[in-house]
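Trainee: Could you have a look at this structure, given as structure tokens, before my questions?
The values are calculated or read from the model by the stated rules, or taken from the named source; none is laboratory data. All values reported here derive from a predicted model rather than from experimental measurement. For neighbour counting, all protein chains shown are included, and Cβ atoms are generated from backbone atoms with ideal geometry for every residue, glycine included. Keep in mind that these areas ignore ligands, DNA and RNA; they rest on the heavy atoms of the full protein, side chains included. Shrake-Rupley method; radii C 1.70, N 1.55, O 1.52, S 1.80 Å.
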Amino acid sequence: MLGCIIGDIAGSTCEFDEFKSKEFPLFFEGSDYTDDTIMTLAVASALIKGREVPQRPLRELMVEEMRRLGRKYPYPMGAYGARFSGWLRRDDPAPYYSCGNGSAMRAAPCGFMAVTLPEAIALARVSAEVTHDHPEGIKGAEATAACVFLARSGYTREDIRDFVRENYYPLDKTLDEIRPGYGFRDTCQETVPQAIQAFLESESFEDAIRNGISLGGDADTLTCITGGIAEAYYVRGRGCDVPWMGPVRFAKRTDGTREDPRLALLPEGVLEQVRALLPEDLTNIADRFAEAAAGREGAYDRIGMVRPYILD
Ligand SMILES: [Mg+2]
């Protein structure tokens with residue numbers, strides 16, 4: 001899940017700038033984590049709690065953790081969307097039919113924690129519906145979590161592209177075709193397909209992040225989504241020993257290929273900078289989540305089934 005956070009921090013200084021190049025230092029002076037990181041960790045925290053307190057419905061835990069961390073960190077860089085800010089403060093946490101890209105930006109942990117594709121999609125749906133119950137809001141979260149799940153399970157780029165095309169978005173434009181007419185967009189349907197395309201055309205984890213930012217859109221959110229998928233693909237999905245994300249599952253690609261583990265490497269110092277920027281309670285969630293997801297996956301490998309989440 002650190003891939004999402006790296007994407008968020010790298011995009012944080014370009015969110016409203018419509019920056020259109022791949023040449024830039026990954027972290028600028030002033031780069032910081034934003035709402036995307038906080039809400040991704042809120043979803044992760046809800047998923048951890050759903051393991052620890054299995055009688056609690058996940059939907060309740062999602063609301064609780066988003067509101068807990070949102071209220072604890074009320075003024076992140078770039079701020080929350082106006083309607084989400086209102087939802088954080090209101091007594092009654094009813095969903096508000098949003099199709100904003102906030103549902104997709106926080107969905108990656110669902111793809112990392114799930115042990116099957118249908119579960120990844122079901123978890124993402126719940127994580128979205130508590131606020132973004134518009135069909136496009138749900139679709140953005142589902143597509144993101146599905147890509148993460150497929151990427152970390154050894155599926156190829158072509159598999160992932162085909163699955164997205166059949167179920168979610170046409171993905172009919174290359175990055176070069178998207179870039180000229182694109183700018184800040186805050187809906188799922190104008191962010192998630194572009195974020196997936198940034199991964200599909202990447203040559204490494206870092207290249208995926210650079211692709212995402214080079215589109216000149218809602219850079220932190222778009223690249224947070226790309227970063228989660230790229231992490232799943234380059235770090236978790238290949239069975240290579242690149243220990244920046246905790247335990248790695250052994251998985252061969254469906255076409256039998258393995259890629260060079262160097263494609264998952266980060267520029268020197270990036271991981272240390274991420275840890276230095278995040279408050280301790282947030283890094284703790286990231287660390288605990290990596291352990292919980294690996295443990296659940298390990299149990300699934302051994303016995304072929306694990307206790308499902310109670311969703312409602
Ligand atoms: Mg943000």
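Trainee: Just give me the residues in segment 52-71 being open to solvent by 50 Å² or more (accessible area, probe 1.4 Å) and touching a residue at least 40 places away in the same chain (Cβ under 8 Å), in sequence order.
Mentor: Matches in segment 52-71: 55, 56, 59.
Trainee: Against the definition (at pLDDT 95 or above, open to solvent by 50 Å² or more (accessible area, probe 1.4 Å) and within 30 Å of residue 305 (Cβ to Cβ)), how does residue 176 come out, yes or no?
Mentor: Values: at pLDDT 95 or above: yes; open to solvent by 50 Å² or more (accessible area, probe 1.4 Å): yes; within 30 Å of residue 305 (Cβ to Cβ): no.
Judged against the criteria, residue 176 is not a match.
Trainee: Still on this model: Of everything in segment 188-219, what is of a type in the set (Ser, Thr, Tyr) and buried (at least 19 other Cβ atoms within 10 Å of the Cβ)? Give them in sequence order. Before the answer, list the steps.
Mentor: Within segment 188-219, the first condition is being of a type in the set (Ser, Thr, Tyr), and the residues that meet it are 191, 202, 204, 214.
Selection gives 191, 202, 214.
Trainee: Only residues in segment 106-117 that are in contact (Cβ under 8 Å) with a residue 60 or more places away in the chain count as the first member; pair them with residues that are among the basic types (Lys, Arg) and assigned to a helix (DSSP H, G or I), Cβ under 9 angstrom, at least 6 apart or cross-chain, and list the lot.
Mentor: What qualifies is 110/125; 111/152; 112/152; 112/236; 113/51; 113/296; 115/296.
Trainee: Sticking with this structure for a sec: What pairs can you find where one residue is in segment 274-286 and in a helix (DSSP H, G or I), the other is of a type in the set (S, T, N, Q), and their Cβ atoms are less than 7 Å apart, with a gap of 6+ or different chains?
Mentor: Every condition considered, the pairs that remain are 275/283; 285/45.
Trainee: Could you count how many residues in segment 88-116 are out of contact with any Gly (no Cβ under 7 Å at 6 or more places or on another chain) and either open to solvent by 40 Å² or more (accessible area, probe 1.4 Å) or outside any helix (DSSP H, G or I) (or both)?
Mentor: Final tally of qualifying residues: 14.
Trainee: Follow-up question, since we're still on this one. Only residues that are within 16 Å of residue 281 (Cβ to Cβ) and more than 16 Å from the ligand (Cβ to nearest atom): list them for segment 25-46, please.
Mentor: 44, 45, 46 - these are the residues of segment 25-46 that are within 16 Å of residue 281 (Cβ to Cβ) and more than 16 Å from the ligand (Cβ to nearest atom).
Trainee: Could you count how many residues in segment 3-16 are farther than 24 Å from residue 74 by Cβ and open to solvent by 10 Å² or more (accessible area, probe 1.4 Å)? Quick ask: steps written out before the conclusion?
Mentor: Of segment 3-16, the ones farther than 24 Å from residue 74 by Cβ are 3.
Restricting the remaining residues to those that are open to solvent by 10 Å² or more (accessible area, probe 1.4 Å) gives none.
Residues in segment 3-16 being farther than 24 Å from residue 74 by Cβ and open to solvent by 10 Å² or more (accessible area, probe 1.4 Å): 0 in total.
Trainee: For segment 88-103, enumerate the residues that are within 16 Å of the ligand (Cβ to nearest atom) and touching a residue at least 40 places away in the same chain (Cβ under 8 Å). Lay out the reasoning, then the answer.
Mentor: If we filter segment 88-103 for residues that are within 16 Å of the ligand (Cβ to nearest atom), which is where we start, we get 88, 98, 100-103.
Within segment 88-103, 100, 101, 102, 103 meet the criteria.
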